């Protein structure tokens, strides 16, 4: 008896895990992954900074939050996943504080920035002006411009990240619940990663595992979404359409912006108008200079004099010639109108200040390059875009087309949970 087909559009982590779970739970279906590129997990592609390979931005699997994903990678993909304590820091103005620090452990200048007493409970709809005063509010307004022209559109990128641990965000989101548990001391957090630190190690092993599980992978395949409601496929090296078996269900596991681009071009152009650019830099300096900063897994930055600097992390880089060299990876967000040359010139000045470097052992920038375009849609345009997608999907596909209304990249922990949910949406 010929198997029924299920299509999974998108070969990122969410699509791969969805296909894996569908194939394991429903062996009577033929699962196909449709991927535009020539390999899986393209978001895990490394970048070259100087002579070093690095992840394109900080990557890490949060534990115990994503313990299921950790078990899958270590047992099913047979990857020797390493773990280290997740000790996250916050660099606010000129102060470095642990992410788990409560208000009393914050510098006095910043303690004076709160209009309410801790512990304080709030949610994403809370007006920040009600709880935050100067000088912290001024800092948050300034750094919000690295993401958007309207601070209200990116509040989730600022809080609870740049608030003390006893300012507690109350939602039903599993990520918020996990972070609350970490900051309260109920859970010790770890990061997991391949031994090299490079997540591209997962790409080929994921392909092998999926094919062993019976998943068919169609690389170099473009998907066209017609306003009339049809979906067409085409190999990138062909002018002829690709005819695929009719799918019982379609799981769309890529950014919904790809659908909007086809069915409503003008709305798509408006959606991506608020463009930002991610830059990555590698900075080198002597090992004995403020080495305690390397106890941190990552440092999130809110520096009003260097608003573009978003995060510092510490990749597994070793110098071939000098074991006393240490390396910091710096993530920066900029708008197309920003002066990039000025960003590059002032980067080392700010790193020297952050690491308290003086006359000797000053930091040196090994490389600085653009690595990705990113978009943070204004909330009203985001709502319009999702509305157009709901209308198109409900009109033409109903429950056959399964997707998540999220334009932003999906956290690794959520891909695991959502993939399991997807497998439960099919009747055997």
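The values are calculated or read from the model by the stated rules, or taken from the named source; none is laboratory data. Everything quoted here is computed from the prediction, not taken from an experiment. When we count neighbours, we look across all protein chains shown, and the Cβ atoms used for this are built from the backbone with ideal geometry, even at glycine.
Just wondering, is there one or more residues in the stretch 41-58 that are out of contact with any helix residue (DSSP H, G or I) (no Cβ under 7 Å at 6 or more places or on another chain), at pLDDT below 95 and under 30 Å from residue 168 (Cα atoms)? Yes: the stretch 41-58 contains one or more residues that are out of contact with any helix residue (DSSP H, G or I) (no Cβ under 7 Å at 6 or more places or on another chain), at pLDDT below 95 and under 30 Å from residue 168 (Cα atoms). Scanning the stretch 103-117 for residues that are part of a loop (DSSP other than H, G, I, E, B) and surrounded by 16 or more Cβ atoms within 10 Å (Cβ to Cβ) turns up 106, 113.
Here residue 93 fulfils each of the conditions (1) modelled with pLDDT of 95 or more; (2) in contact with a helix residue (DSSP H, G or I) (Cβ under 9 Å, 6 or more places away or on another chain); (3) surrounded by 15 or more Cβ atoms within 10 Å (Cβ to Cβ) apart from (1). When the residues of the stretch 215-242 are filtered to those that are in contact with a strand residue (DSSP E or B) (Cβ under 8 Å, 6 or more places away or on another chain) and free of Cβ contacts under 8 Å to residues at least 12 places away in the same chain, the one that is nearest to residue 28 (Cα to Cα) is 232. Scan the stretch 304-335 for residues that are at pLDDT below 90 and exposed (fewer than 15 other Cβ atoms within 10 Å of the Cβ) and report the count. Going through the stretch 304-335 one residue at a time, the tally reaches 8.
Got a sec? Which strands (runs of 3 or more DSSP E) wholly within the stretch 150-237 have at least 3 residues that are over 25 Å from the mean Cα position of the chain (by Cα) and outside the structural domain of residue 127 (by TED's automatic domain parsing)? It comes to 231-235.
Tallying residues that are over 14 Å from residue 409 (Cβ atoms) and either surrounded by fewer than 17 Cβ atoms within 10 Å (Cβ to Cβ) or in contact with a strand residue (DSSP E or B) (Cβ under 7 Å, 6 or more places away or on another chain) (or both) within the stretch 372-383 yields 3. All of (1) touching a strand residue (DSSP E or B) at 6+ places or on another chain (Cβ under 8 Å); (2) touching a residue at least 24 places away in the same chain (Cβ under 8 Å) hold for residue 295 with one exception: (1). Condition check for residue 212 on (1) crowded, with 20+ Cβ neighbours inside 10 Å; (2) closer than 30 Å to residue 78 by Cβ; (3) without any contact (Cβ under 8 Å) to a residue 40 or more places away in the chain: one failure, at (1). Among the residues of the stretch 161-184, the ones that are over 16 Å from residue 91 (Cβ atoms) and free of Cβ contacts under 8 Å to residues at least 40 places away in the same chain come to 8 in all.
Kindly indicate whether residue 81 is farther than 13 Å from residue 183 by Cβ and not assigned by TED's automatic domain parsing to the domain that holds residue 156.
Against the criterion (farther than 13 Å from residue 183 by Cβ and not assigned by TED's automatic domain parsing to the domain that holds residue 156), residue 81 qualifies.
Listed by position, the helices (runs of 4 or more DSSP H) contained in the stretch 334-428 that have at least 1 residues being closer than 24 Å to residue 145 by Cα are 340-354, 379-396. Counted as qualifying within the stretch 242-303 are the strands (runs of 3 or more DSSP E) with 3 or more residues that are surrounded by fewer than 19 Cβ atoms within 10 Å (Cβ to Cβ), namely 275-286. One residue stands out among those in the stretch 48-64 that are outside any loop (DSSP other than H, G, I, E, B) and crowded, with 19+ Cβ neighbours inside 10 Å: the one that is farthest from the chain's Cα centre (by Cα), which is 52. Tell me the residue from 393, 340 that is over 30 Å from residue 256 (Cα atoms) and not assigned by TED's automatic domain parsing to the domain that holds residue 94, please. One residue alone meets the criteria, 340.
Determine whether the stretch 125-136 contains at least one residue that is over 30 Å from residue 334 (Cβ atoms) and not in a helix (DSSP H, G or I). Walk me through how you get there before you give the answer.
Of the stretch 125-136, the ones over 30 Å from residue 334 (Cβ atoms) are 130.
Add one more test, that the residue is not in a helix (DSSP H, G or I), and what stays is none.
No: zero hits.
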